[in-house]
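Below is one structure, written out as structure tokens; the observations come after it.
The values are calculated or read from the model by the stated rules, or taken from the named source; none is laboratory data. Small disclaimer: the values here were computed from a predicted structure and weren't measured. Every residue, glycine among them, receives a Cβ derived from its backbone with ideal geometry; neighbour counts consider all protein chains shown.
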Amino acid sequence: MKNFAAIFASQNDAIALEQKIFITLETTRGVLANPVAADFMFALSGASVNFSQPTESSPHRSGRHHTGIIKKKTATSWTIPSFFNIDTLLGSANVVEIDPAARLLWQSLMGKNDIGGGFNKFTTEEDPDITFSIYQNGDTWAIQAPGSFVEAGNASFPGDGESQIEFSGSSKTALTVGVGDSIVDNDGGSTVTVGTGQGRCFPVGSKVMIIEADGITRSADTPDGSPATVLTQVGDVIGLDTGVLADADGSGVGTPIYLAYYEPESPVAINNPITGLIGSISIAGFGPLGNCVRSAGLNMVNNHELLDYCYGEEGLGGPLFAPGGRFTAELTLELNLNKALVEFMNKIRDFSGEAITLILGDSAGRHFEAVLPKVIFPVPEISVPDTGTIPVTFVGQANQTGVDAADEVTASFL
């Protein structure tokens, strides 16, 4: 269990291995929602939330010397790579086959999460219309990003590596939060006074909690599931929305309390990566093409319009994004050249589209399935290597089967 007293007292730099990701659905776009333990998800190296605000030297005439800056719009982007974690121990397909965080990411990417069949089916029949809060927690630090949404999902299915998907997108902003101590009695008010200079660790709008002197126990003022929101930060005095504090006395000798970024207790997630040792890829009318698939990739992009031009807003404003561009899904297949592939290469010249099904995992049990009923491939080039087999790479665009069918990709966890 995380000990904030030890974290605060440590002289060590922060370490990457402490990174945790929580994702929780927002009820109001751009307003941080409170995560719970089940909102945790396992992520891979490379997960990040990045905030930036470019500046330029002020163009005011001031001789040859810089006298100030002009601030530009803020931008917050994020990337979360992950394995396909599926609970294969379930007796039958179920909506809890994947984590709640994964469901949010898939729904934000595809638009609709259809659970009418008792399992998670994601389609593009509806435009993306949700936002979520990302909590990226470390040891001495955390980044909280409200108003987050998915712009792209890039899934890879290599024949000689692990299948995974990388989600990426944007957020309204990002708040960097730290850990501080308080050696005063804060009871009777709604503020916590932290040590000198520590106030900057708690920006307005961030989610925090009060921790007892042992570094582990949550204060009754901010129990698990009920973080406080920072309303004001005046120097080292942090105003909270808790109402009158009753369990925030840090004035005892050697018994400070701690103010820290919020993290749910005992995070839990599915830890069962389905990596591609079992699976299949088939093309209607050709089966497995008498071939092994060297690799496959499915890159899906929403092409959202970011509302970063709203007057009076530092970053994204209004509803934050609009699904104003075409949803684009690109399928990549790499196969070895053989007689069956020659037939397929001639077939795609009619540009009528190929129906392709990709299965990750055991089709007789819990697994992932992507169905693309109409992928149009251009004729690929053939580059002959010095030795060995001859790989051929097909890169095609998924199309809907008819006007308003919105069926170019269906992703299901069955």
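Report the residue count in the stretch 217-248 for those that are hydroxyl-bearing (Ser, Thr, Tyr), in a strand (DSSP E or B) and over 18 Å from residue 144 (Cα atoms). If you could, list the steps in order and put the result at the bottom.
Of the stretch 217-248, the ones hydroxyl-bearing (Ser, Thr, Tyr) are 217, 219, 222, 226, 229, 232, 242.
Applying the additional criterion that residues be in a strand (DSSP E or B) yields 229, 232.
Those still in the list that are over 18 Å from residue 144 (Cα atoms) too: none.
So the count comes out to 0.
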Subject >> Options 138, 161, 197; residue that is of a type in the set (Gly, Ala, Ser), farther than 30 Å from residue 323 by Cα and either touching a Cys at 6+ places or on another chain (Cβ under 9 Å) or at pLDDT below 95 (or both) >> reply: 161
**OP:** Taking the options 368, 321, name whichever one is in contact with a His (Cβ under 9 Å, 6 or more places away or on another chain) and either surrounded by 21 or more Cβ atoms within 10 Å (Cβ to Cβ) or at pLDDT 95 or above (or both).
**Re:** 321
**OP:** Spot the failing condition for residue 172; the list is (1) surrounded by fewer than 22 Cβ atoms within 10 Å (Cβ to Cβ); (2) over 18 Å from residue 246 (Cβ atoms), and only one is missed.
**Re:** (1)
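Kindly indicate whether any position in the stretch 296-306 is of a type in the set (Asp, Glu) and crowded, with 17+ Cβ neighbours inside 10 Å. Give the derivation first.
Within the stretch 296-306, the first condition is being of a type in the set (Asp, Glu), and the residues that meet it are 305.
This time we only want the ones that are crowded, with 17+ Cβ neighbours inside 10 Å, so: none.
Checking the stretch 296-306: not a single residue is of a type in the set (Asp, Glu) and crowded, with 17+ Cβ neighbours inside 10 Å.
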Original post:
In the set 25, 17, which member is at pLDDT 95 or above and loosely packed, with under 13 Cβ neighbours inside 10 Å?
Top reply: 17
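Under the condition of being polar (S, T, N, Q) and touching a residue at least 24 places away in the same chain (Cβ under 8 Å), which residue from the stretch 380-396 is farthest from residue 298 (Cα to Cα)?
At the first step, the residues of the stretch 380-396 found to be polar (S, T, N, Q) are 383, 387, 389, 393.
Checking the rest, the ones that are also touching a residue at least 24 places away in the same chain (Cβ under 8 Å) come to 389, 393.
Values: 389: 24, 393: 13 Å.
Only one residue tops the list, namely 389.
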Original post:
How many residues are within 19 Å of residue 292 (Cβ to Cβ) and in a loop (DSSP other than H, G, I, E, B) when one looks only at the stretch 385-404?
Top reply: 5
Original post:
Restricting attention to the stretch 318-370, and to residues there that are out of contact with any Asp or Glu (no Cβ under 7 Å at 6 or more places or on another chain) and basic (Lys, Arg), which single residue is nearest to residue 88 (Cα to Cα)?
Top reply: 326
Original post:
When you go through (1) more than 28 Å from residue 408 (Cβ to Cβ); (2) without any contact (Cβ under 8 Å) to a residue 24 or more places away in the chain; (3) of a type in the set (S, T, N, Q) one by one for residue 251, which number turns out not to apply?
Top reply: (2)
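Would you call residue 108 among the hydroxyl-bearing types (Ser, Thr, Tyr), out of contact with any Leu (no Cβ under 9 Å at 6 or more places or on another chain), surrounded by 19 or more Cβ atoms within 10 Å (Cβ to Cβ) and on the phi < 0 side of the Ramachandran plot?
Numbers: among the hydroxyl-bearing types (Ser, Thr, Tyr): yes; out of contact with any Leu (no Cβ under 9 Å at 6 or more places or on another chain): yes; surrounded by 19 or more Cβ atoms within 10 Å (Cβ to Cβ): yes; on the phi < 0 side of the Ramachandran plot: yes.
Spelling it out, residue 108 is indeed among the hydroxyl-bearing types (Ser, Thr, Tyr), out of contact with any Leu (no Cβ under 9 Å at 6 or more places or on another chain), surrounded by 19 or more Cβ atoms within 10 Å (Cβ to Cβ) and on the phi < 0 side of the Ramachandran plot.
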**OP:** Within the stretch 373-414, track down each residue that is closer than 30 Å to residue 117 by Cα and out of contact with any strand residue (DSSP E or B) (no Cβ under 8 Å at 6 or more places or on another chain).
**Re:** 402, 403, 404, 405
**OP:** Could you pull out the residue among 405, 329 that is under 30 Å from residue 96 (Cβ atoms) and either buried (at least 16 other Cβ atoms within 10 Å of the Cβ) or more than 33 Å from the chain's Cα centre (by Cα) (or both)?
**Re:** 329
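One line per residue, one yes/no per condition, for (1) among the β-branched types (Val, Ile, Thr); (2) at pLDDT below 95; (3) assigned to a helix (DSSP H, G or I):
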{"position": "38", "(1), (2), (3)": "no, no, yes"}
{"position": "49", "(1), (2), (3)": "yes, no, no"}
{"position": "67", "(1), (2), (3)": "yes, yes, no"}
{"position": "80", "(1), (2), (3)": "yes, no, no"}
{"position": "92", "(1), (2), (3)": "no, yes, no"}
{"position": "101", "(1), (2), (3)": "no, no, yes"}
{"position": "104", "(1), (2), (3)": "no, no, yes"}
{"position": "130", "(1), (2), (3)": "yes, no, no"}
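Looking only at the stretch 54-65, which residues are loosely packed, with under 10 Cβ neighbours inside 10 Å and in a loop (DSSP other than H, G, I, E, B)? It would help to see each step written out before you state the result.
Of all residues in the stretch 54-65, those loosely packed, with under 10 Cβ neighbours inside 10 Å come to 56, 59-61, 63-65.
Within the stretch 54-65, 59, 60, 61, 63, 65 meet the criteria.
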**OP:** Give just the number: which of (1) of a type in the set (Lys, Arg); (2) in contact with a helix residue (DSSP H, G or I) (Cβ under 6 Å, 6 or more places away or on another chain); (3) assigned to a strand (DSSP E or B) does residue 366 not satisfy?
**Re:** (3)
Original post:
Under 7 Å by Cβ, and 6 or more places apart or on different chains, what pairs join a residue from the stretch 6-17 that is touching a residue at least 12 places away in the same chain (Cβ under 8 Å) with one that is of a type in the set (S, T, N, Q)?
Top reply: 7/140; 14/140
Subject >> Counted residues, the stretch 83-99 - those being surrounded by fewer than 22 Cβ atoms within 10 Å (Cβ to Cβ), touching a strand residue (DSSP E or B) at 6+ places or on another chain (Cβ under 8 Å) and touching a residue at least 60 places away in the same chain (Cβ under 8 Å) >> reply: 4
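Counting only residues that are assigned to a loop (DSSP other than H, G, I, E, B) and surrounded by fewer than 23 Cβ atoms within 10 Å (Cβ to Cβ), how many does the stretch 200-216 have? Working first, answer last.
To start, the set of residues in the stretch 200-216 that are assigned to a loop (DSSP other than H, G, I, E, B) comprises 202-206, 212-216.
From what's left, surrounded by fewer than 23 Cβ atoms within 10 Å (Cβ to Cβ): 203-205, 212-216.
Number satisfying all stated conditions: 8.
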Original post:
What is the one condition in (1) farther than 26 Å from residue 14 by Cβ; (2) surrounded by fewer than 16 Cβ atoms within 10 Å (Cβ to Cβ); (3) of a type in the set (Asp, Glu) that residue 224 does not satisfy?
Top reply: (1)
